[in-house]
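Structure first, commentary second.
The values are calculated or read from the model by the stated rules, or taken from the named source; none is laboratory data. The shown structure was predicted, so the numbers you read here are calculated from the model rather than taken from an experiment. Note that each Cβ is placed from the backbone with ideal geometry, even for glycine, and that neighbours are counted across all protein chains shown. These accessible areas exclude ligands, DNA and RNA; they are computed on the full protein's heavy atoms, side chains included. Shrake-Rupley method; radii C 1.70, N 1.55, O 1.52, S 1.80 Å.
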Amino acid sequence: MIHISPSVLGADLMRLGEEIELVERLGLAWLHIDNMDGHFVPNISFGPDAVAAIRRKTKLFLDVHLMLSDPRRYIAEYARAGADLITVHAEIEDDVEDLLREIAALGVKTGLSIKPGTPPEAIGRLLPLCDLVLVMTVEPGFGGQSLREDCLQKLPVLRRMIDASGRDIFLEVDGGIKMDNAHRVVEAGANVLVTGTGLFHAADPAAFVAALHGLQEDKRCAR
């Protein structure tokens, strides 16, 4: 099953409550929240208080992506704020294995992300600790970028690694997903699509969502 995780970064923040209601009306279950510190990535966005405010508004599955140099300082706050899943980056200067265990101990699902320059093999040993792997198909920090085609080559590799692990791990992709490339992302093995401007700026968001969901059926028919 394909899950769509609309990114708050692509929403109209002056109308965020209405944008969240739109996601719910579209029948979606996930919401992606990017949290940036201006150090790990060159931008600043949101924080635990924003996650808590969103949690008060909705029962959506909150897919919280921490683009922070030192996420360990904040993971308990994000868990208390209502995050359902917390994703950290493989590239941080910390004991990522221990950090994933700490997230799980908080009763939150664990995610691990890799930037465009990080090979899939770098996280192989950590898969037993992951509920989700996130592949960035842009350099993280800003919404509205174009998908890097070279990053798609990682997806079949990760799909094989996940299947070999015997665990039910989500494979998520974030960065520049639009209707003209989403089919390649799904064909390569992803089952969670993060889309911000692609959905919130769509002329017909319902048609956009229906088209993305239709990719799963297209994939079945191609087998």
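Overview of results
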read-out: Filter result for the condition that a residue is closer than 15 Å to Leu112 by Cα and open to solvent by 10 Å² or more (accessible area, probe 1.4 Å), over Asp63, Asp94; value: Asp94
read-out: Residue among Ala29, Ala11 that alone is of a type outside the set (S, T, N, Q) and open to solvent by less than 20 Å² (accessible area, probe 1.4 Å); value: Ala11
read-out: Residue ID - farthest from the chain's Cα centre (by Cα), chosen from residues in region 162-193 that are of a type in the set (S, T, N, Q) and closer than 23 Å to Lys109 by Cβ; value: Ser165
read-out: Among the candidates Pro48, Pro42, Pro6, residue that is surrounded by fewer than 20 Cβ atoms within 10 Å (Cβ to Cβ) and touching a residue at least 60 places away in the same chain (Cβ under 8 Å); value: Pro42
read-out: Subset of region 162-204 [in contact with a Leu (Cβ under 8 Å, 6 or more places away or on another chain), surrounded by fewer than 19 Cβ atoms within 10 Å (Cβ to Cβ) and more than 29 Å from Ile20 (Cα to Cα)]; value: Ser165, Arg167
read-out: Of residues in region 140-161 being surrounded by fewer than 21 Cβ atoms within 10 Å (Cβ to Cβ) and closer than 22 Å to Leu99 by Cβ, the one farthest from the chain's Cα centre (by Cα); value: Met161
read-out: Residue within region 158-172 that is modelled with pLDDT of 95 or more and closer than 25 Å to Asp204 by Cβ present; value: yes
read-out: Counted residues, region 66-76 - those being open to solvent by 10 Å² or more (accessible area, probe 1.4 Å), touching a helix residue (DSSP H, G or I) at 6+ places or on another chain (Cβ under 8 Å) and outside any helix (DSSP H, G or I); value: 1
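Residue by residue, here is whether (1) in contact with a helix residue (DSSP H, G or I) (Cβ under 7 Å, 6 or more places away or on another chain); (2) under 23 Å from Val41 (Cα atoms); (3) modelled with pLDDT of 95 or more holds:
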position: Tyr78; (1), (2), (3): yes, yes, yes
position: Glu93; (1), (2), (3): no, yes, no
position: Ser113; (1), (2), (3): no, yes, yes
position: Pro120; (1), (2), (3): yes, yes, yes
